[in-house]
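The values are calculated or read from the model by the stated rules, or taken from the named source; none is laboratory data. Since the model is a prediction, treat every value here as computed from it, not as a measurement. Note that each Cβ is placed from the backbone with ideal geometry, even for glycine, and that neighbours are counted across all protein chains shown.
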Amino acid sequence: MDLLTVSLGSRSYPIVFGRSLRVEVRAEVATVQREGRKLAVITDRHVAATQSAVLGDLFGDAPRLVLDPGESTKSLEALGRVLDFMAEQRLDRGSILVAVGGGVIGDLAGFAAAVYLRGIAFWQVPTTLLAMVDSSVGGKTGINLKAGKNLVGSFHQPARVMIATEVLSTLPPREFAAGMAEVIKCGLLGDAPLFADLERTPVTVQSPDLATIIRRCCAAKARVVEADEFERAKEGGRALLNLGHTFGHAIEQVTAYRRYLHGEAVAIGLVAAARLSADLGMIPDGDVSRIRAVVAAHGLPVALVEPLPWPELLAAMSRDKKVRAGKLRFVLLEAIGRAVTRDDVDPARVAAAFASVGAALG
Ligand code: NAD
Ligand code: GLY
């Protein structure tokens with residue numbers, strides 16, 4: 001077992017790492033139950049089916065709500081189901097909600113914990129690579145609206161994050177690749193040596209250094225969150241974690257969250273952001289090729305599989321949460337390993353960057 005602390009004053013919490021955390025999690029659960037506090041688990045059907053032994057070992061007969069898998073579960077309707085379940089189980093302010101799943105379950109359950117009784121504690125037990133390296137850390141919780149992704153939510157830090165890499169053994173390869181998009185992002189925005197490692201040797205679920213890479217991404221995210229927990233920095237700050245996401249969220253939205261996994265849309269977004277950075281003279285063209293090669297080497301798309309109309313993509317981008325005073329805000333690269341925010345980018349250049357990954361301009 002290994003441990004990292006996210007230092008946020010009274011909202012600080014540990015991230016616990018291990019191959020199997022059965023002993024550690026059971027001990028935590030036993031402590032909570034000895035204190036007379038209730039604990040309830042939210043998960044999805046795929047996790048419940050593929051990790052039933054782990055779920056049973058960790059949480060015994062704690063009440064469990066199993067939701068449909070997929071992005072459509074980050075909805076108002078599913079939120080209502082979780083809140084009703086919490087009330088039926090008579091969770092009180094001392095209770096703990098445990099999110100066992102990927103980013104969808106973590107974001108949804110975290111938001112339910114944030115608003116139920118005006119906020120109760122929750123634990124994150126991420127089961128996808130994406131959730132391990134990104135979404136389980138930092139306290140961004142929320143759901144989607146028809147109008148856009150993550151438009152309703154709250155900053156609500158987990159009370160602990162428990163990352164047991166053994167559960168990745170049942171993760172489908174396409175989902176593993178989607179998680180690698182966030183790992184590549186982590187290298188691009190602040191860890192050039194990590195990017196170079198990925199360039200030398202693409203990471204797979206069998207890679208001996210996978211656990212180290214997960215820890216490295218969590219540590220990097222923790223540092224960014226500690227410096228700008230509520231994403232208020234005028235420049236840079238937590239918004240940098242959205243490298244590739246302005247493009248990616250637009251792709252997800254225009255394709256109704258059906259065609260691309262979140263990580264796949266982000267992967268295309270990373271290539272588009274690199275192209276835009278190069279077109280603005282911030283990085284050399286050669287870096288765009290390197291980034292495209294690393295994305296492709298991890299089984300991720302580098303372009304849209306079919307063209308999407310630019311006007312729809314632009315409309316989706318203009319609803320992005322990073323929009324300030326009507327201006328689109330982009331995270332761009334000054335170098336591999338160094339990112340900045342820019343809100344002065346000519347839309348024609350954005351259109352050209354989108355066209356370079358397959359958007360239809362005309
Ligand atoms: P996900 O939660 O939909 O999980 C992907 C799929 O894998 C699902 O079908 C799930 O049932 C299945 N699954 C999960 N663990 C499994 C396992 N161990 N074995 C077998 N199947 C398993 O998707 P995701 O990629 O984890 O998360 C994407 C979501 O995360 C998006 O909604 C995105 O907006 C959000 N996100 C949030 C943050 C944040 O900071 N809060 C950061 C990045 C992404
Ligand atoms: N994934 C973006 C953030 O946590 O801020």
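Figures for the structure shown
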item: Residue selected from the stretch 37-86 under the condition of a type in the set (S, T, Y) and without any contact (Cβ under 8 Å) to a residue 40 or more places away in the chain, by the criterion nearest to G102 (Cα to Cα); result: T73
item: Checking V98 against (1) within 18 Å of L83 (Cα to Cα); (2) within 11 Å of ligand 1 (Cβ to nearest atom); (3) crowded, with 24+ Cβ neighbours inside 10 Å, the condition it does not meet; result: (2)
item: Qualifying residue in the stretch 200-216 (condition: within 11 Å of ligand 1 (Cβ to nearest atom) and either surrounded by fewer than 20 Cβ atoms within 10 Å (Cβ to Cβ) or not hydrophobic (A, V, I, L, M, F, W, C) (or both)); result: yes
item: Which listed residue is buried (at least 20 other Cβ atoms within 10 Å of the Cβ), without any contact (Cβ under 8 Å) to a residue 60 or more places away in the chain and of a type in the set (V, I, T), from V271, V302, V295, V288; result: V288
item: Breaking point among (1) in contact (Cβ under 8 Å) with a residue 24 or more places away in the chain; (2) surrounded by 21 or more Cβ atoms within 10 Å (Cβ to Cβ); (3) farther than 18 Å from C186 by Cα, for A278; result: (1)
item: All positions within the stretch 217-239 that are under 21 Å from V271 (Cα atoms) and more than 13 Å from ligand 1 (Cβ to nearest atom); result: G236
item: The stretch 101-118 - residue that is small (G, A, S) and touching a helix residue (DSSP H, G or I) at 6+ places or on another chain (Cβ under 7 Å) and, of those, surrounded by the fewest Cβ atoms within 10 Å (Cβ to Cβ); result: G103
item: Test: A40 is part of a loop (DSSP other than H, G, I, E, B), over 19 Å from the mean Cα position of the chain (by Cα) and at pLDDT 95 or above; result: no
item: Hits in the stretch 143-171 (condition: outside any loop (DSSP other than H, G, I, E, B) and within 7 Å of ligand 1 (Cβ to nearest atom)); result: K149, N150, V167, L168, T170
item: The lone exception for I251 - which of (1) modelled with pLDDT of 95 or more; (2) within 15 Å of ligand 2 (Cβ to nearest atom) it fails; result: (2)
item: All positions within the stretch 130-181 that are out of contact with any Leu (no Cβ under 7 Å at 6 or more places or on another chain), hydroxyl-bearing (S, T, Y) and surrounded by fewer than 23 Cβ atoms within 10 Å (Cβ to Cβ); result: S154, S169, T170
item: Wholly enclosed helices (runs of 4 or more DSSP H) of the stretch 52-117 bearing at least 2 residues over 18 Å from R160 (Cα atoms); result: 52-59, 76-88
item: Some residue of the stretch 121-129 being away from ligand 2 (no atom under 14 Å from the Cβ), surrounded by fewer than 24 Cβ atoms within 10 Å (Cβ to Cβ) and over 26 Å from D57 (Cβ atoms); result: no
item: Exclusive hit being of a type outside the set (S, T, N, Q) and over 23 Å from I214 (Cβ atoms), set G138, G148, G101; result: G148
